[in-house]
C-alpha cells in the first residue's frame, strides 16, 4: 500500500504575480504527491504566499501566521513564501519560532525537499536569487477550469523607484523566451482558455534578447483560440511606438491598460525616481488614446510621499481629473527598509497623508462615476467569469475591464455574451442580454 497523500494549504496575498506563483507551487508540490486542501486544519503543510510592497500588508500577514499556528501539530510545516519571505529571510525564522520554512520567489523548485527538511526539524530559509529561473519546465496547476489565466513572461525589475522594494524581493529583470511563452499560451488555448493576462513587474519592457513586447503581443494574440489578451503592469516609459501599434492592431488585445502614475507632481515623481515627469505621462496617455480611442485607463497613486506639499497633492488631484481615469488604486506612502526614499527629508504627518488619501479616493470615485454613467445604455461583449458575491447574479467583464453583473444561467460561465448596460453603482454595472434584433454596435 502506498503512502497516504500529503495535503497542502495555500493562502495568497498581493499582486497577480503572486497568484501565478502559487499556481507554480501547486505544480511543484503536485508532482511531489501533494494534494491541495482548502481546510488549514486538514493540512500537513501550510504555505502563505506574501506581499512586501507595504508595511500594512506585512503586518496583516504576521497576524495571519499567528492564527495559522493553531493548526500546527507534530509533522505539520508552516511556511512563509514570496516577497516578504525574500525581504526578511532567515530573520523571519528568528522572529517567528512557529515558522518552519522561508522561501523566496526563486526557490520554489526546491519546495518539496525543503519541506522534508522542515518535517525533520531542520528549519530552512532559501532566499537565493537565481537570475536564470523561469520555471519553464514546471507546469502550473491553475485549479478548476476557467476561461482566463495568468502567464508570467518577465520576472524582476531594473527600475529603482525610491519607494519600491520589488527589486530587492524579485531581483533583476529577466524575460522568458518568446517560444516558451507561446508554448504555454498554446497549451492554455488547447485546454479551453480564451483570455490570457501577460504578467511582469514592468511587463512592456519585455525582451528575450531577440523579441520585444510588441513581438510578444502580436504572437500571443495570434494563437488560435485566444480571444482576449491583457497585460499588467507596464511602465509609462516602455510604451514604444512598436508596442502602441501592436496594441492597436492586434484584435485580441483588450482596450484597457493599467498605467501606474504614482503622483501628478513632477517634483514628487523626480524624488520617486520614476524617470518621467507629469508632462511625459500625459504624452503617453495621449499617444495611447490616439491609437486606441476606446481605451480605458486605470492607475496606481501614492500620497504622502516624503516632501509632498499641498501643491504637489493638488497636482495629483488635477491629473486624475485631466486624464479621467476609469479607476485607481490609491495608497499612503509606506516606508520600506532598504529603499532610497528612507533617506529623503520632509516626512508627511500621517494625519495629513490620511486626509489626502480620503480626498483622493473621493475624487477618483467622482471621475470614474461620471465616465461610467455615460456608458449606461451601451452594448458590450462580456466574458462571464463566475457567480457574483451578491444576489443570484453572474459576474462578467467587458474588454475595457468593466465588471458587469447580469442575471443568467450557470452554464454561461466561461462564455461570451452580448449585454446592454442597464445601470451603474459608479464602479460596477448591471446588465441584461441585448435583444438579438436591436443590438447596437458592440463597443468593448
Original post:
R0 = 25 Å: FRET efficiency of residue 242 with residue 132, Cβ-based, nearest 0.05?
Top reply: 0.40
**OP:** Would you mind telling me which residue in 118, 220, 85 has the biggest mean-square fluctuation in a Gaussian network model of the chain, where springs connect alpha carbons within a distance under 10 angstrom?
**Re:** 118
Subject >> Length gained when the stretch residue 160-residue 358 is fully extended (0.36 nm per residue, less Cα-Cα span) >> reply: 68.5 nm
Original post:
Can you give the Rg to Rh ratio for segment 303-379, taking only C-alpha atoms and Rh from Kirkwood?
Top reply: 1.10
Original post:
Which residue, 81, 62, 153, has the most motion in a Gaussian network model of the chain that connects Cα atoms within less than 10 Å?
Top reply: 62
Original post:
Which order do peptides 98-108, 173-183 fall in by mean Cβ count within 10 Å, highest first?
Top reply: 98-108, 173-183
Original post:
Tell me, Kirkwood radius of segment 144-255 from alpha-carbon pair distances, in Å?
Top reply: 14.2
**OP:** For residue 300 and residue 369, compute 0.36 nm times the residue count separating them, minus their Cα-Cα distance, and round to one decimal in nm.
**Re:** 23.1 nm
Subject >> Cα convex hull of segment 36-78, projected area averaged across orientations, nm² >> reply: 3.1
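Can you give the Kirkwood hydrodynamic radius of segment 6-126 from its Cα pairs, in Å with one decimal? List each step's numbers first, then the result.
On the way: mean 1/r = 0.0719 Å⁻¹.
Kirkwood radius, segment 6-126: 13.9 Å.
Computed from the mean reciprocal separation of all distinct C-alpha pairs, what Kirkwood hydrodynamic radius does the chain have, in Å?
On the way: mean 1/r = 0.0429 Å⁻¹.
Its Kirkwood hydrodynamic radius stands at 23.3 Å.
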Original post:
Alpha carbon centre of segment 369-440 versus segment 155-178: separation in Å?
Top reply: 36
Subject >> For segment 65-192: span of alpha carbons on each principal axis (Å, largest first) >> reply: 43, 39, 24
**OP:** Could you check the simple spin-label distance between residue 310 and residue 113, using points 7 Å along Cα→Cβ, in nm with one decimal?
**Re:** 6.1
Subject >> Per-pair calculated FRET efficiency, R0 = 41 Å: residue 351 and residue 412 via Cβ, rounded to 0.05 >> reply: 0.30
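How many times 2.2 N^0.38 Å is the alpha carbon radius of gyration of segment 216-258? The partial results should precede the final answer.
Values: Rg = 10.1 Å, N = 43, 2.2 N^0.38 = 9.2 Å.
Ratio of Rg to 2.2 N^0.38 Å for segment 216-258: 1.10.
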**OP:** Note down the nm distance, to one decimal, between modelled labels 7 Å out along Cα→Cβ at residue 267 and at residue 41.
**Re:** 5.8
Original post:
When the chain is treated as a GNM, springs tying every alpha-carbon pair under 10 Å, which of 241, 296, 341 comes out with the largest mean-square fluctuation?
Top reply: 241
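What per residue convex hull volume, in Å³, comes out for segment 148-373 when only alpha-carbon positions are used? Spell out each step's value before the answer.
Values: hull volume 27.4 nm³, N = 226.
Residue-normalised Cα hull volume stands at 121 Å³.
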Original post:
Plugging the Kirkwood radius over Cα pairs into Stokes-Einstein for segment 387-438, at a temperature of 25 °C and a viscosity of 0.890 mPa s, what D comes out in µm²/s?
Top reply: 217
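Summing -39500 (n - 2.57) over the DSSP H runs of n ≥ 4 in the chain and dividing by its residue number, what mean residue ellipticity at 222 nm do you reach, to the nearest 500 deg cm²/dmol?
-10000 deg cm²/dmol
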**OP:** Can you tell me the order of 329-335, 365-371, 300-306 when each peptide is scored by its average per-residue count of other Cβ atoms within 10 angstrom, highest first?
**Re:** 300-306, 329-335, 365-371
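Where a number appears in this text, it was derived from the coordinates with a stated rule and is not lab data. If you're wondering where the values come from, they're calculated on a predicted model, not measured in any experiment. Cβ coordinates were reconstructed from backbone atoms using ideal geometry, including for glycine residues, and neighbour counts include every protein chain displayed.
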